[in-house]
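> Here it is: the structure, laid out below.
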There are 2 protein chains.
Amino acid sequence: MPVEFENVVTTSAAKQIADTLRAAIMDGRLQEDERLPTEEELAQRFKVSRPTVREALKRLAAQHLIRSRRGPTGGNFVASPAPEDAALSLANATTLMVAAGAIQLDDMATARLELEGICCRLAATARTDAQLEAMRAELARQRDVSLTDEEFCASDVRFHRALVDAAGNSLLSFLMHAVVEALQPVSNMIIFRVRERQAIVAFHERILGALESRDAEAGVAALGDLVAYTRDRYRDALDRRAERAG
Amino acid sequence: MPVEFENVVTTSAAKQIADTLRAAIMDGRLQEDERLPTEEELAQRFKVSRPTVREALKRLAAQHLIRSRRGPTGGNFVASPAPEDAALSLANATTLMVAAGAIQLDDMATARLELEGICCRLAATARTDAQLEAMRAELARQRDVSLTDEEFCASDVRFHRALVDAAGNSLLSFLMHAVVEALQPVSNMIIFRVRERQAIVAFHERILGALESRDAEAGVAALGDLVAYTRDRYRDALDRRAERAG
DNA sequence: AACCGACATTTGTCAAACGAATAAAAAGAT
DNA sequence: ATCTTTTTATTCGTTTGACAAATGTCGGTT
């Protein structure tokens, strides 16, 4: 049975079609993995040309709402929502907002402390041995002084992702992955000396130790110190930059 | 001076172009409100046809990275990131993941309690009179029994948005707006009797009162009771649905 | 000086076609 | 008869060329 679309024309046709299809997906009229009509068919149904339909479809593809395949069994399919894709989009958007000043770095630091604090508390009881092992592995990597700054920061991101995953909450993992990711440019800016690395590794060790002994408050305290340290180093970096400029 | 784009062909041309332009925007080579080359020009530069360029541009438009205007002074412009748009996308993605079962409702309830708890604590000290007034206004609306269920749920969403805004943290507001929005379908499911409304209004009153007297823990406690109540009512709704089905 | 209309520019849309990928059907070889 | 290869049909991906619609600019008219 074909799905019916109501067609209201107020903005551009392509946008309208995208919105109509998106609404159909969002409220479940189009199920996951269901195949959409062919582009030709959609063009006829919406009374527009195929390129216009394609513009609409590409909008949806950009939001990971559909995926397409060529060939006889191909077509455009409703995509199963992939948390990684959504997290990436969220991280991108957050990065842009930080860059544009819509989100202040102080807010970011506060939010990170509070949010990761929650994860820490939950993780103190929910953490599994596998997750602890993942954090230990990253910590071991971070002690290697031959690591490049990029590699160190990447490992830092993985460590924090493991921490939030240890909370065992899918929504928190999703949100925090994006927050941690969006904060990486900031980390990249402050990690520029061995001493900073050692300090950060020490904070990580305290956090890990707290989780191992299921001591939530010790973990939160360590996290607080880490964020405070990061915030200070970031301010230093800003000052140095201002000096060089002035 | 024209911006240089490196062009690597591995996937489809349109996607590649979109990724190239997105990267240019993300790392600042294209500034906010800067005008992109005309579609014709981009087509020549990337050696593809204009419809292909347009598909790429529409992908970016779907992510609110560019906006377009017709006419002589028109063109495609780098869009300033609008938190509302990003929050809407995030809410959509979250809704879909909940619908697909990628996020369990228990996780959602837990996350909401913890996250909103943070906001409550922060709001206890940061809240302004204007924000309290906004919450009072929604509360007054919610006491009106002639409200439709949709209106009540919409007011519920606004109340919680005001609560998270009262925390005075832009990143938390951004994330929580999406979470609250994504939870609305759940609320829609359980709000079906006057008694439920009265109970929820009572919880809201407790939360508001706690903020007025800057009592963070009382607010968190009220919030915990609200979430527990909501969770139970949701389980009831699921049971009833299972009964009808079986 | 104020208003109005032609014009240029740019995005929005259309039409028809060819290219490319893919799986199923058909043909051929063992 | 079974397996392999070829063909073929279908669908998305892209091209070309054109016209429509919006919108600022400029010149002419009142």
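The values are calculated or read from the model by the stated rules, or taken from the named source; none is laboratory data. What you are looking at is a predicted structure, and each value in this text was computed from that prediction instead of being measured. Heads up, the Cβs are rebuilt from the backbone with ideal geometry, glycines too, and the neighbour counts pull from every protein chain shown. Calculation scope for accessible area: heavy atoms of the full protein, side chains included, ligands and nucleic acids excluded. Shrake-Rupley method; radii C 1.70, N 1.55, O 1.52, S 1.80 Å.
> Which of (1) at pLDDT 95 or above; (2) more than 13 Å from chain A (Cβ to nearest Cβ) is the odd one out, the single condition residue B:196 does not satisfy?
The failed condition is (1).
> I would also like to ask the following. Using the structure shown, decide if residue B:181 is more than 22 Å from residue A:108 (Cβ to Cβ) and assigned by TED's automatic domain parsing to the domain that holds residue B:124. Spell out how you get there, then give the answer.
Values: more than 22 Å from residue A:108 (Cβ to Cβ): no; assigned by TED's automatic domain parsing to the domain that holds residue B:124: yes.
Answer is no for this residue.
> Going through region A:129-145 one residue at a time, which ones are within 28 Å of residue B:90 (Cβ to Cβ) and open to solvent by less than 10 Å² (accessible area, probe 1.4 Å)?
A:135
> Which of the residues that make up region A:179-224 are farther than 19 Å from residue A:136 by Cα and among the aliphatic types (A, V, I, L, M)?
Correct list: A:179, A:182, A:183, A:186, A:189, A:190, A:191, A:194, A:221.
> Further question on the same structure: Does residue A:63 qualify as being under 28 Å from the mean Cα position of the chain (by Cα), more than 8 Å from chain B (Cβ to nearest Cβ), under 22 Å from residue B:101 (Cα atoms) and polar (S, T, N, Q)? Show your work before the answer.
Working: under 28 Å from the mean Cα position of the chain (by Cα): yes; more than 8 Å from chain B (Cβ to nearest Cβ): no; under 22 Å from residue B:101 (Cα atoms): yes; polar (S, T, N, Q): yes.
It is false that residue A:63 is under 28 Å from the mean Cα position of the chain (by Cα), more than 8 Å from chain B (Cβ to nearest Cβ), under 22 Å from residue B:101 (Cα atoms) and polar (S, T, N, Q).
> Which of the residues belonging to region A:10-44 are of a type outside the set (Gly, Ala, Ser), farther than 23 Å from residue B:98 by Cβ and within 10 Å of DNA strand D (Cβ to nearest atom)?
So in region A:10-44, the residues of a type outside the set (Gly, Ala, Ser) come out as A:10-11, A:15-17, A:19-22, A:25-27, A:29-42, A:44.
If we keep only those that are farther than 23 Å from residue B:98 by Cβ too, we end up with A:10-11, A:15-17, A:35, A:37-42, A:44.
Answer for region A:10-44, where residues must be of a type outside the set (Gly, Ala, Ser), farther than 23 Å from residue B:98 by Cβ and within 10 Å of DNA strand D (Cβ to nearest atom): A:35, A:37, A:38, A:39, A:40, A:41, A:42.
> Output yes when any residue across region A:110-128 is away from DNA strand D (no atom under 16 Å from the Cβ), surrounded by fewer than 21 Cβ atoms within 10 Å (Cβ to Cβ), part of a loop (DSSP other than H, G, I, E, B) and β-branched (Val, Ile, Thr), and no when none is.
Among the residues of region A:110-128, at least one is away from DNA strand D (no atom under 16 Å from the Cβ), surrounded by fewer than 21 Cβ atoms within 10 Å (Cβ to Cβ), part of a loop (DSSP other than H, G, I, E, B) and β-branched (Val, Ile, Thr), which makes the answer yes.
> May I pose another question? Would you check which residues across region A:29-66 are more than 13 Å from DNA strand C (Cβ to nearest atom), open to solvent by 30 Å² or more (accessible area, probe 1.4 Å) and not basic (Lys, Arg) and list them?
Hits for region A:29-66 are A:31, A:32, A:33, A:34, A:41, A:63, A:64.
> Consider region A:85-95. How many of its residues are open to solvent by less than 40 Å² (accessible area, probe 1.4 Å), within 10 Å of chain B (Cβ to nearest Cβ) and more than 22 Å from residue A:20 (Cβ to Cβ)? Walk me through it before giving the result.
Of region A:85-95, the ones open to solvent by less than 40 Å² (accessible area, probe 1.4 Å) are A:86-87, A:90-91, A:93-95.
From the residues that got through so far, the ones that are within 10 Å of chain B (Cβ to nearest Cβ) too are A:86-87, A:90, A:93-95.
Narrowing the set further to residues that are more than 22 Å from residue A:20 (Cβ to Cβ) leaves A:87, A:90, A:93-95.
Residues meeting the conditions: 5.
> If you check B:224, B:209, which single one turns out to be modelled with pLDDT of 85 or more, more than 25 Å from the chain's Cα centre (by Cα) and not basic (Lys, Arg)? Reasoning before the result, please.
Values: B:224 fails: more than 25 Å from the chain's Cα centre (by Cα).
The conditions single out B:209.
> Name, by its number, the condition in (1) part of a helix (DSSP H, G or I); (2) open to solvent by 50 Å² or more (accessible area, probe 1.4 Å) that does not hold for residue A:98.
(2)
> Would you confirm whether or not region A:77-84 contains a residue that is more than 10 Å from every other protein chain (Cβ to nearest Cβ) and surrounded by fewer than 19 Cβ atoms within 10 Å (Cβ to Cβ)?
Checked against the condition, which is being more than 10 Å from every other protein chain (Cβ to nearest Cβ) and surrounded by fewer than 19 Cβ atoms within 10 Å (Cβ to Cβ), region A:77-84 yields at least one hit.
> Among the residues of region B:179-188, are any open to solvent by less than 10 Å² (accessible area, probe 1.4 Å), modelled with pLDDT under 90 and within 12 Å of another protein chain (Cβ to nearest Cβ)? Steps first, answer last, please.
The first filter runs over region B:179-188 and keeps only residues open to solvent by less than 10 Å² (accessible area, probe 1.4 Å), leaving B:179-180, B:182.
If we keep only those that are modelled with pLDDT under 90 as well, we get B:179, B:182.
Right, trim to within 12 Å of another protein chain (Cβ to nearest Cβ) and you get B:179, B:182.
Within region B:179-188 (the criterion being open to solvent by less than 10 Å² (accessible area, probe 1.4 Å), modelled with pLDDT under 90 and within 12 Å of another protein chain (Cβ to nearest Cβ)), the answer is yes, since at least one residue qualifies.
> Which numbered condition in (1) without any contact (Cβ under 8 Å) to a residue 12 or more places away in the chain; (2) more than 8 Å from chain B (Cβ to nearest Cβ); (3) assigned to a helix (DSSP H, G or I) is the only one that residue A:42 fails?
With respect to (1) without any contact (Cβ under 8 Å) to a residue 12 or more places away in the chain; (2) more than 8 Å from chain B (Cβ to nearest Cβ); (3) assigned to a helix (DSSP H, G or I), residue A:42 is out only on (1).
> Just one of the numbered conditions (1) in contact with a Pro (Cβ under 8 Å, 6 or more places away or on another chain); (2) outside the structural domain of residue B:177 (by TED's automatic domain parsing) is not true of residue B:95; which one?
(2)
> Exactly one of (1) within 11 Å of DNA strand C (Cβ to nearest atom); (2) within 11 Å of chain A (Cβ to nearest Cβ) is unmet by residue B:103. Its number?
Condition not satisfied by residue B:103: (1).
> Let me ask something else about it. List the pairs whose first member sits in region B:45-60 and is over 22 Å from residue A:96 (Cβ atoms) and more than 10 Å from every other protein chain (Cβ to nearest Cβ), whose second member is open to solvent by 30 Å² or more (accessible area, probe 1.4 Å) and within 6 Å of DNA strand D (Cβ to nearest atom), and whose Cβ atoms are under 7 Å apart, counting only residues at least 6 apart or on separate chains?
What qualifies is B:48/B:13.
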